[in-house]
Structures are given as C-alpha cells and as structure tokens.
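In what follows, a structure is listed as structure tokens, so that the remarks can point back to it.
The values are calculated or read from the model by the stated rules, or taken from the named source; none is laboratory data. All of these numbers come straight from a predicted model, not from anything done at the bench. Virtual Cβ from ideal backbone geometry, glycine too; neighbours counted across all protein chains shown.
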Amino acid sequence: MTGLSTGVSRLRVLAIANQKGGVGKTTTAINLGTALAAVGERVLVIDFDPQGNASTGLGIALETRMKTSYDVMTGAAGLLEAAVPTAIPGLHVVPANSDLVGLETSLMSDVSRPFKLRDAVAALVGQLRARPADAQFNYALIDCPPSLNLLTLNALAAAHAVLVPVQCEFFALEGISQLKETIDQIRAALNPGLEIQGVVLTMHDARTTLSKEVAENVRAFFGPKVYESVIPRNTRVAEAPSHGKPILLYDYDCAGSQAYIRLATEIIERERQTKAA
C-alpha cells in the first residue's frame, strides 16, 4: 500500500508529530493553520488528539462537536461532513474529543486500521474535485497526539510529509532519533512517499545559552530541514488558547504571531520547491 499521490489534488497533507508532549504541536497546528489562511491558503486542521485542544484553541466548544475525528476513523462521517468553520476565513477544523481514547479497541479486529485516515483523505480529495477552486483545501494539518500510537500511525500513513516541532529545552533531542526511525519504518512499510517537510524550533528564548545550544544541536542533526523561522517563548502565545483564539486573532502584533506568519511563508516556499522538483 502506498501514500496519497501528490498529483491527484492540490491538497497537501502535513502531519504535525513528535511523541514528546509539551513541544508545541497543537500550538503549531492552530497558529500555522491560521497563518496559512491569512496569506490566502484554504486549510483543514484535523484534530487527532483525544484532548481536543486544537478544537478548543480554534474556538469550537466541546458541546458543539457533533461530528469528530473519531466518527471519521470509524466510518460514521467523512472529513468534509465533520469539518466545521472557524472564526478565521478559509480555516476549518475536524474537531476531536475523548472518544478517540477508545479507537484502538473499536478497530482492534479491522486489518485496514492503519489506513483509515488515508482512506478518508482519499475520499475528501474525490469530493474536492467537484468543488470550485476557491472552495477546495490547499492544506490539511493533522495535530497528532504525544505518542506513537494508532492515531499517529494513521496520520503518518495519510500524510505527504511530517512537520516536527522541537522545544528548545534540555531533553529536546531525546526521542527525535526515535521519531526519525519511526518515519523511516512508515516509509518502508506503509507510505513510501513520506518525508520530513521540516523541523520547527519552538519556545525559543534568545536570552539563554541553553536555547542557543539546543537550536545548534537540532540544526546539526537535521541540517537544512530546520526552518529558519523560530517560534519564541511568548506569553501571548500561551494565553491565546484559553480565549479560544489563535495568536493572530488574539494579538496580531506580538512576536509569536509574526513568527508564525514567517513560518507559514517559509513552508509555502518549500512546498513550491517540492512541486517544482
């Protein structure tokens, strides 16, 4: 079985993954999705974490999540059916809730369980073909849980590429090599086209020697895969989710907002280079 062909649609699927918790996956999914939408891209965020924090951070209240990513994974709903609009024009989200905790049990006897999301994305691509260009999605961002479980496996099997957030702290590189090995295994067994789109340094504090050293170590490990754009440790970024808003809506002028806009621009440029190659 192979991953999705990049030629069938304008849709690019990026999994935001790192098995370590607290590295900024959800914050990156929310704010990168918003920044991409702000520069004219149409974006679908797929909340794939049972905590549902990406949904909350995009203003989708728990009681309004009628269809979720659990329904998508069990075949009760398609991605387009489950997607709900956010306050940001061009940005939709497939919400999540704690139902995802029971997914492995629900799919235990299903031999196709690693490919449920890939099949749902393929169905979405088919639906998008019938829509006008300005009603399609250019990007799907999958907010993965902080573990290498069935959900992350599905995300990596469905994605064209992986975006890896790495926190600028002492244990940053712990587990990174394991994630890289996992990506290599997924490429060999489930999705030959899977690649690392890039690595984003998060929670960077330019005042500390530690942040500088971690950034240097990550760049030495991943080389040019590391984005030039760095997400600073920023109080406003940390506050925004509690207000149900991406940082670009909460405080457009803060350093965190501007960093995510730069990151979005850099990702779009890499995508253009990928398509031109």
_Selected residue (only one of GLU216, GLU174 is over 20 Å from the mean Cα position of the chain (by Cα) and touching a residue at least 60 places away in the same chain (Cβ under 8 Å))_ = GLU174
_Among residues of region 112-168, those that are more than 21 Å from VAL226 (Cα to Cα), touching a strand residue (DSSP E or B) at 6+ places or on another chain (Cβ under 9 Å) and polar (S, T, N, Q), counted_ = 3
*Mind checking which residues of region 62-88 are under 21 Å from MET108 (Cβ atoms) and over 20 Å from the mean Cα position of the chain (by Cα)?*
THR74, GLY75, ALA76, ALA77
_Among (1) buried (at least 20 other Cβ atoms within 10 Å of the Cβ); (2) hydrophobic (A, V, I, L, M, F, W, C); (3) farther than 26 Å from TYR252 by Cβ, the one test that LEU80 misses_ = (1)
*Got a sec? Which helices (runs of 4 or more DSSP H) wholly within region 118-229 have at least 3 residues that are among the charged types (D, E, K, R) and either closer than 24 Å to ARG270 by Cβ or modelled with pLDDT of 95 or more (or both)?*
176-189
*Give region 75-120 a look and list any residue that's touching a helix residue (DSSP H, G or I) at 6+ places or on another chain (Cβ under 6 Å) and over 28 Å from LEU36 (Cβ atoms), or say none.*
GLU104, LEU107
*With respect to ALA54, is the statement that it is touching a Leu at 6+ places or on another chain (Cβ under 7 Å), crowded, with 22+ Cβ neighbours inside 10 Å and on the phi < 0 side of the Ramachandran plot true?*
no
*Exactly one condition in (1) at pLDDT below 95; (2) under 17 Å from SER147 (Cα atoms); (3) crowded, with 24+ Cβ neighbours inside 10 Å is not met by ASP47; state its number.*
(1)
*Answer yes if at least one residue in region 127-137 is free of Cβ contacts under 8 Å to residues at least 24 places away in the same chain, over 19 Å from the mean Cα position of the chain (by Cα), under 17 Å from LEU156 (Cα atoms) and surrounded by fewer than 18 Cβ atoms within 10 Å (Cβ to Cβ), and no otherwise.*
no
*Counting only residues that are part of a loop (DSSP other than H, G, I, E, B), over 20 Å from the mean Cα position of the chain (by Cα) and either basic (Lys, Arg) or buried (at least 17 other Cβ atoms within 10 Å of the Cβ) (or both), how many does region 233-277 have?*
3
_Flag if ALA140 is in contact (Cβ under 8 Å) with a residue 12 or more places away in the chain and crowded, with 23+ Cβ neighbours inside 10 Å_ = yes
*Which condition number does LEU201 fail, the rest of (1) out of contact with any Pro (no Cβ under 7 Å at 6 or more places or on another chain); (2) of a type in the set (A, V, I, L, M, F, W, C); (3) farther than 26 Å from ARG262 by Cβ being met?*
(3)
